[in-house]
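All remarks here apply to the structure that follows.
The values are calculated or read from the model by the stated rules, or taken from the named source; none is laboratory data. Computed from a predicted model, the values in this text were never measured in an experiment. All Cβ positions, even for glycine, are placed from backbone atoms using ideal geometry, and neighbour counts span all protein chains on display. Surface areas here come from the heavy atoms of the whole protein model, side chains and all, with no ligands, DNA or RNA. Shrake-Rupley method; radii C 1.70, N 1.55, O 1.52, S 1.80 Å.
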Amino acid sequence: QARLVESGGGLVQPGGSLRLSCAGSRMFFSTYDMAWYRQAPGKQRELVAFITSLGSTNYADPVKGRFTISRDNAKNTMYLQMNSLKPEDTAVYYCKATRSKDGYWGQGTQVTVSS
C-alpha cells in the first residue's frame, strides 16, 4: 500500500512563506500524478494545485502567482512553495497521488496564517 506523508506546515504571519513537502513510499512515485488539496474549517476540500507525472502544472485561481508546485522524482517528493500567504490560506493541506483508478491521500498538515 502506497504511503504519503506531508510536512512543513505551521504558523506564519500574513505575507510570509512556507514550503510543504509530500514524501511518497511503497509506490512508483514518478508514474503518479500528484496534487495538493486544502480544507478550511467548515468548508469542502478544494484542489490547490496539481502536477502530472510528466511535469505539467495547474493552479486554482486563488493561489495563482503565489504558490508553486514541483516534484523531485529522485527523492519521491512533491513540494508546494507558498509565498505571500493570506489568512484565507489557513487550512489543512493534503497531498494526493493518482494513477489510473488508484488514489492515495496523506494525513494532512496544518497551515495557519495569522498575525
* Asked: Along the charge dipole of region 61-107, which of Asn83, Tyr104, Val63 sits closest to the positive end, that is, farthest toward it, with unit charges on the beta carbon of Lys, Arg, Asp and Glu (+1, +1, -1, -1)?
  -> Tyr104
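D for region 1-80, whole µm²/s, Stokes-Einstein with Kirkwood Rh over alpha-carbon pairs at 20 °C and 1.002 mPa s: what number? The partial results should precede the final answer.
Numbers: Rh = 13.5 Å.
Roughly 158 µm²/s, to the nearest whole number.
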* **For region 19-35, 3J(HN,Hα) per residue [Karplus equation, 6.51 cos²θ - 1.76 cosθ + 1.60, θ = phi - 60°, Hz, x = Gly/Pro]** => 10, 8, 10, 9, 9, x, 9, 6, 7, 8, 3, 5, 8, 9, 6, 10, 8
* Going out from 0 in 5 Å bins, what whole percent of all Cα-Cα distances in region 37-115 drops into each bin? -> 3, 13, 25, 27, 19, 9, 3, 1, 0
* With every protein chain present, what accessible area does Thr98 have (1.4 Å probe, heavy atoms only), rounded to the nearest 10 Å²? -> 50
* Structure fact -> So the carbon and sulfur contribution to the accessible area of the chain, 1.4 Å probe, in percent, is 47
* Structure fact -> With x for Gly and Pro, the residue-by-residue ³J(HN,Hα) of region 46-58, computed from phi through the Karplus equation 6.51 cos²θ - 1.76 cosθ + 1.60 at θ = phi - 60° and given in whole Hz, is 10, 6, 9, 6, 9, 9, 7, 4, 8, x, 6, 10, 8
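Can you give the net charge of the other residues whose Cβ lies under 11 Å from the Cβ of Phe50, counting K and R as +1 and D and E as -1?
Values: positive: Arg71, Lys96; negative: Asp33.
Cβ neighbours under 11 Å give a net charge of +1.
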* **For region 54-115 and region 1-48, distance of Cα centres in Å** => 5
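Using a Förster distance of 35 angstrom, determine the FRET efficiency expected from the C-beta separation of Ser115 and Leu47, and round it to 0.05.
Values: r = 27 Å, r/R0 = 0.78.
So the FRET efficiency works out to roughly 0.80.
Order of 40-46, 100-106 by packing, highest average Cβ count within 10 Å first?
100-106, 40-46
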